[in-house]
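Chemist: Can you keep this structure in mind? I'll have questions shortly.
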Amino acid sequence: MIDPGGTFWELFSPFALLCGLVSVTMMVMHGAAWLACKSEGDLRRRARAAAGLAMIVLFVLGGVRASRLDFYVIQHFAGVGEPSNPLGKQVVVQAGALMSNYAAEPWTMAAPVVALAAAAAAIALTRSGQRAVLAFVCSGLSIAGVIATAGVSMFPFMMPSSLDPNSSLTLWDASSSLTTLIVMTVVTVVLLPVVLAYTAWIYYVLRGPVTAEQITRDSHSAY
């Protein structure tokens, strides 16, 4: 039997719990912005109050903590043109390596900057009661920035291995074949505009707040 390493309770490390709290407060912010768009009266006031600064504070704390964590660095790699082989690389663990990509490519700082700036804008707009739709858009941009920050920090690793760093999966290890990538690119180019158009139409049809008058008038269709 293979030893999986670690215990169940190690999943609840301080940093893991901090990341979980960032995710929860991020979605609370997004939900509050959406409720501000779709509700009125007391519910809308409560939604505005829920859009707090907790997400920004926790995200910054997560960045400070991440800067002190050990992470993996590739020392030797055969190259992207070679056949995919998860064991064909040499990986070492270095202190503070989660932040190395930002030093190597300063433009990647755009991810955390967007996460913080968009969150601040979403919270300010939601609480002010002005431009609820713009607040919702800013909240979505903040979520994209948070996710991009995690991706940039870990790049090129997708699934680090705690048992054997050399067995960690990178972006190149986990990629599909060239043929599959070409087929999926074509499918995306064709179908993504359809999905975006349909989603935009849905938001257009469901635009505006849901009022008590609408529910009373359309009681046969309200669930």
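Chemist: Report, by residue number, each residue of the range 145-183 that is free of Cβ contacts under 8 Å to residues at least 12 places away in the same chain and more than 24 Å from L11 (Cα to Cα).
Modeler: Those that are free of Cβ contacts under 8 Å to residues at least 12 places away in the same chain and more than 24 Å from L11 (Cα to Cα): S176, S177, L178, T179, T180, L181, I182, V183.
Chemist: Another question about this same structure. Return the only residue of V146, V210 being surrounded by 11 or more Cβ atoms within 10 Å (Cβ to Cβ) and more than 25 Å from R44 (Cβ to Cβ). Quick ask: steps written out before the conclusion?
Modeler: On the way: V210 fails: more than 25 Å from R44 (Cβ to Cβ).
Testing whether each residue is surrounded by 11 or more Cβ atoms within 10 Å (Cβ to Cβ) and more than 25 Å from R44 (Cβ to Cβ) leaves just V146.
Chemist: Every residue in the range 66-94 that is of a type in the set (A, V, I, L, M, F, W, C) and modelled with pLDDT of 85 or more, please.
Modeler: Selection gives A66, L69, F71, V73, I74, V91, V92, V93.
Chemist: If we keep just the residues of the range 62-72 that are surrounded by 14 or more Cβ atoms within 10 Å (Cβ to Cβ) and of a type outside the set (G, A, S), which is farthest from S142 (Cα to Cα)?
Modeler: Y72
Chemist: Further question: Only one of these is outside the structural domain of A36 (by TED's automatic domain parsing) and either modelled with pLDDT under 95 or under 17 Å from the mean Cα position of the chain (by Cα) (or both): I147, I202, I143. Name it.
Modeler: I202
Chemist: Please go through the range 92-144 and give me each residue that is touching a residue at least 60 places away in the same chain (Cβ under 8 Å) and in contact with a strand residue (DSSP E or B) (Cβ under 9 Å, 6 or more places away or on another chain), ordered by number.
Modeler: V92, V93 - these are the residues of the range 92-144 that are touching a residue at least 60 places away in the same chain (Cβ under 8 Å) and in contact with a strand residue (DSSP E or B) (Cβ under 9 Å, 6 or more places away or on another chain).
Chemist: Now for a different question. Would you call A97 closer than 18 Å to D164 by Cα, surrounded by 12 or more Cβ atoms within 10 Å (Cβ to Cβ), modelled with pLDDT of 80 or more and touching a Leu at 6+ places or on another chain (Cβ under 9 Å)? Steps first, answer last, please.
Modeler: Numbers: closer than 18 Å to D164 by Cα: yes; surrounded by 12 or more Cβ atoms within 10 Å (Cβ to Cβ): yes; modelled with pLDDT of 80 or more: yes; touching a Leu at 6+ places or on another chain (Cβ under 9 Å): yes.
Yes; evaluated as a whole, the condition is true for this residue.
Chemist: Quick test for you: out of L171, L163, pick the one residue that is over 25 Å from the mean Cα position of the chain (by Cα) and surrounded by 11 or more Cβ atoms within 10 Å (Cβ to Cβ). Step through it out loud before you land on a result.
Modeler: On the way: L171 fails: over 25 Å from the mean Cα position of the chain (by Cα).
None of the others qualify; the one that does is L163.
Chemist: Now for a separate question. Could you tell me which numbered condition L125 fails, if it satisfies all but one of (1) in the same structural domain as A36 (by TED's automatic domain parsing); (2) surrounded by fewer than 16 Cβ atoms within 10 Å (Cβ to Cβ); (3) aliphatic (A, V, I, L, M)?
Modeler: Against the list (1) in the same structural domain as A36 (by TED's automatic domain parsing); (2) surrounded by fewer than 16 Cβ atoms within 10 Å (Cβ to Cβ); (3) aliphatic (A, V, I, L, M), L125 comes up short only on (2).
Chemist: Six or more apart or on different chains, Cβ under 9 Å: which pairs go from a residue in the range 40-66 that's in the same structural domain as M26 (by TED's automatic domain parsing) to one that's part of a helix (DSSP H, G or I) and at pLDDT below 80? Could you list them?
Modeler: E40/A212; G41/A212
The values are calculated or read from the model by the stated rules, or taken from the named source; none is laboratory data. Values in this document were obtained by computation on a predicted structure and should not be read as measured data. In this analysis, Cβ positions are derived from the backbone assuming ideal geometry, glycine residues included, and neighbour counts consider all displayed protein chains.
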